[in-house]
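Inspection log for the structure reproduced underneath, given as structure tokens.
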Amino acid sequence: MRILVFQHVDCEHPGSLRQFLSEDGIEWDPVYLHRGDQIPSFDSYDALWVMGGPMDVWDIEENPWLVDEKAAIRHWVKDLGKPYLGLCLGHQLLADALGGTCGPQKIPEIGVLEIELTEEGKKAGLVAQDLPSFRCKISLKTDFRQLVQINKDNPEQKRDSLLKMSYQPQ
């Protein structure tokens, strides 16, 4: 298995997940979009991970590469139907690329907070227990299933081969 990873700043990488990837023999290639890296052909990749970053999905004037990134995400998900993991900004980019909306949360949730699995989240088997997390902004897409929540206004969502989280599990 080979994973393509979109990064938006050097410090927003797969973190401790790199160790798990290594232990499982999974190769991953970072694309440093903020440095001007071009998005490669998707032919040799099995999954796409899109990491976090300090920008918002609408900050295209300051980060013009977001336009191509959203188009690539849309192609990956809609045309290729391959597995996608979006973390924080990656969560927002998926929603925006698929026609959802993103904006500031009504009640900010910043810091380490407990995540509570919903009944559907327990059935999905993606997370074995409640985990602490670092929260980012919220973005919602109505055709996703809610798997975990901190409160009722901030669900984490999954649809088919897509998983998006508005927090940092790594």
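Some points to look at:
- Mean sequence separation of contacting Cα pairs (under 8 Å, at least six apart), scaled by the length of region 1-97, corresponds to a relative contact order of 32 percent.
- Estimated FRET transfer efficiency (residue 16, residue 75; beta-carbon r; R0 30 Å; 0.05): 0.55
- Table column - 3J(HN,Hα) (Hz), region 57-66, Karplus curve with 6.51, -1.76, 1.60, x for Gly and Pro: 4, 8, 7, 6, 5, 7, 9, x, 5, 4
- Under a 5 Å amide H cut-off, with hydrogens placed 1.01 Å from N, residue 37 pairs with 32 among residues at least 5 apart or on other chains.
- Here the 3J(HN,Hα) profile of region 91-96, calculated from phi with Karplus coefficients 6.51, -1.76 and 1.60 at θ = phi - 60°, is 5, 5, 4, 4, 4, 5 Hz, Gly and Pro shown as x.
- The packing ranking, built from the mean of other Cβ atoms within 10 Å per residue, places the peptides 5-13, 44-52, 75-83 in the order 44-52, 5-13, 75-83, highest first.
- The Kirkwood hydrodynamic radius of region 23-69, based on inverse pair distances between different Cα atoms, is 12.5 Å.
- Close amide H partners of residue 103, meaning residues 5 or more places away or on another chain with modelled amide H under 5 Å apart, are 138.
- Loop-located GluC sites (Glu not before Pro) in region 21-74, at most 11 other Cβ atoms within 10 Å (DSSP): 61, 62
Computed from the coordinates by the stated procedures, all read-outs in this text should not be read as laboratory data. Predicted model, so just to flag it, every value in this text is computed and none were measured. Methodologically, a virtual Cβ is constructed for each residue, glycine included, from the backbone with ideal geometry; neighbour enumeration extends over all protein chains shown.
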